[in-house]
Amino acid sequence: MGHKYIDQDVVPAILSSDVEDNLIELYFDDEPLESILYGVNQRKPSPANLFRAARICINGVINSFNEGNVPKFIAAASALGNTDMEISAQTCSILAGAIGAFFPYYPNPVMPYDLGPLKELLEKIWTIAAQSGDDDLQDKTGSLLFRWYEHHGRYEEARKVLARLIEIATEKGNRRGEALYLNNLGFEYLLESRWSEAIPYFEEATQLFMEADITFEMMNARANCWICRFEAGDFGDISSTEADVKEIMDFFTGSGRWYERKALVLMAKIEERKGNSEGAAQLVGRAIESAKNSNTRYPELDAKYLRALLEAQ
């Protein structure tokens, strides 16, 4: 499943060019007495709205979003993130919604834009969310920040954010969220090729999904677990392993999502293990085809595997 640029439907209706302007204008009565009595060193009173100073930057972010200009939006968001201006928790939620409208929430995405400059703003709103004690805001912003870290190879930092998201989900009794983040946590280890460390998280996620009767995610977590086991050289009993992987493959076949290629590649690994490189190559070809419109790098990665199989024939 690909990502959109820009999906306005996921952003609150409050998103407008005067987000902070809608607040009542208040000022502190802090003008020195001598200024009031004698007109000495007169100055304007200080604005009482602590978030007012960030208004211009925020408006720049919102305006560029509304224009559908992603590069301009990223530049404006970067400028805001690199200031020490105060931002309200409500505005953080709006900004997170805007970023999430085009941000890829899945691993190995094709990146049509450089999302690097978003780091400071994402970290800023994550910090504000944590300080506010708003669990929903932490979930919303943390989901973006851990993916940013992941997309930029900063897996340990991604895991720290995910650990907090798992805590929140567990405290709230959100078993689905807990399982999803456990699966994500395992994937951060998978992306580092730390197979043995990833497996327990996938196993725990699989169990939680099964208990919650969330079949799609359960099958995905099972597939992730097999990826790690195969990469670690553990194929178990090949017959029972093949039956398990075939069940996963049959489930995802025709789903129209890139998850299908995951199961096809797993079955290709089994065929390769059995010495059937031709059958493995056919399966990888199907995997490439299934993910061609996924906006991920999987077709590119699978093509390398296919070339290796063809060279071995």
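List of remarks:
- Summarised in one figure, the compactness ratio Rg/Rh of region 217-313, Cα atoms and Kirkwood Rh, is 0.94.
- Within straight-line cross-link reach of Lys72, lysines at Cα separation under 26 Å, skipping those fewer than 8 residues along the same chain: Lys4, Lys119, Lys124, Lys140
- Cut-off 15 Å between beta-carbons: net charge of the residues surrounding Ala312, Lys and Arg +1, Asp and Glu -1: +1
- Length added when fully stretched, Glu197-Glu86, from 0.36 nm per residue minus Cα-Cα: 36.0 nm
- Surrounding net charge for Ala243, when Lys and Arg each add one and Asp and Glu each subtract one, Cβ distance under 13 Å: -3
- Scattering from region 84-216 was approximated by placing one identical point on each alpha carbon and applying the Debye formula without solvent; log10 I(q)/I(0) at 0.18, 0.20 1/Å stands at -1.03, -1.21.
- Difference of contour (0.36 nm per residue) and Cα-Cα distance, Ser78 to Ala163: 28.0 nm
- 1.4 Å probe accessible area per residue over region 88-165, in Å²: 34 Å²
- Tail beyond 16 Å, pair distance distribution of region 169-240 (Cα, percent): 45 percent
- Whole-angstrom gap from region 63-81 to region 258-313, using each part's C-alpha centre: 38 Å
- Amide H contacts of Thr296 (H built 1.01 Å from N, under 5 Å, at least 5 apart or other chain): Val110
- Sorted largest first, the principal axis extents computed over the alpha-carbon atoms of region 61-145 equal 34, 28, 20 Å.
- Cleavage-rule hits (trypsin sites (Lys or Arg not before Pro)) in region 120-155: DSSP loop, at most 15 neighbouring Cβ within 10 angstrom: Arg154
- All lysines inside 29 Å of Lys246 as judged from Cα atoms, apart from same-chain residues fewer than 8 positions distant: Lys262, Lys269, Lys274, Lys292, Lys304
The values are calculated or read from the model by the stated rules, or taken from the named source; none is laboratory data. Nothing here was measured: the structure is a model prediction, and the numbers come from that model. As a convention, Cβ positions derive from the backbone with ideal geometry for all residues, glycine included, and neighbour counts pool all protein chains shown. In case anyone asks, the SASA skips ligands and DNA or RNA and just uses the protein heavy atoms, side chains included. Shrake-Rupley method; radii C 1.70, N 1.55, O 1.52, S 1.80 Å.
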